[in-house]
1. With a cut-off of at least 2 residues that are over 17 Å from the mean Cα position of the chain (by Cα) and loosely packed, with under 15 Cβ neighbours inside 10 Å, name the helices (runs of 4 or more DSSP H) lying wholly within the range 101-168.
2. Within the range 40-54, work out how many residues are surrounded by 15 or more Cβ atoms within 10 Å (Cβ to Cβ), among the β-branched types (Val, Ile, Thr) and in contact with a Leu (Cβ under 7 Å, 6 or more places away or on another chain).
3. Please give the helices (runs of 4 or more DSSP H) falling wholly within the range 1-82 in which 1 or more residues are modelled with pLDDT under 85 and outside the structural domain of residue 141 (by TED's automatic domain parsing).
4. Can you tell me which residues in the range 55-64 are under 20 Å from the mean Cα position of the chain (by Cα) and loosely packed, with under 15 Cβ neighbours inside 10 Å?
Amino acid sequence: MPASPTHGLLIPPPERSKARQPPIGYRLASTDVFTGASKALDTALVIQTEVSFVELYEGAPLFGEVDTWLRRRGFWFHTLTDLLSLSFQPLRTGDPDRGLNQRLSADAIYTRDPSKPDGLSVEQLRMTAVLMHDLFRSFDMAYRWLAAADARDGGDLGARYLGRLTQL
C-alpha cells in the first residue's frame, strides 16, 4: 500500500500555531507512536490515522485497539475514509467496492468529543469547525462546533453557516 502524508495527522490547536508543529506522519496507527506523541495529543483537535481491520503487518494494532486507546484520551470517532478492500481470487470485479466486502484498512478520523465542548476554547471550537468542513466535508460536525462556539460567546457564525448550507 502506498504511504500517505495524511496518516497519523495531528493538527495542533490555534494557540500552538505560532510554533507551527509539523504533522506527525506514520505508516500505521500505533499506540506506541501515540504514547510518544502524548504532548501533541493533549493539544490536538483532530486526528487522522490509518487503521487496519485485519492483520496486515505483524504486531501492528488493529482498529479496535487504536479506537479504545484514543477514546480513553478524550477523542471521539467520527468517520472512516479511504477504505481498502480485499478481493479473494479468482473473483475480480474491476471495482474494489462492488461486492467485495472484506475491508482491510482505512483512515479513521477522530475529533474531541462534541458532547463536551466546554473543554475547548471558542477559538479551538471554531478551528475544529474549519478542519471538519475543509478537510473532511463534515458539514454537520462543522455546524455543531460553530454552534458550540456561538453558545459561548453569543456569536452567529453557526446560524449563518447553516443558512449558507441550506441555500446550496
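1. On the way: elements: 122-136, 139-153, 157-167.
Counting at least 2 such residues, we get 139-153, 157-167.
2. Residues meeting the conditions: 2.
3. Working: elements: 31-36, 38-43, 63-72.
Helices (runs of 4 or more DSSP H) meeting the threshold: 31-36, 38-43.
4. Keep residues of the range 55-64 that are under 20 Å from the mean Cα position of the chain (by Cα), which gives 60-64.
Passing the criteria: only 64.
The values are calculated or read from the model by the stated rules, or taken from the named source; none is laboratory data. Just so it is clear, the model here is predicted, and its values are computed rather than measured. Cβ coordinates were reconstructed from backbone atoms using ideal geometry, including for glycine residues, and neighbour counts include every protein chain displayed.
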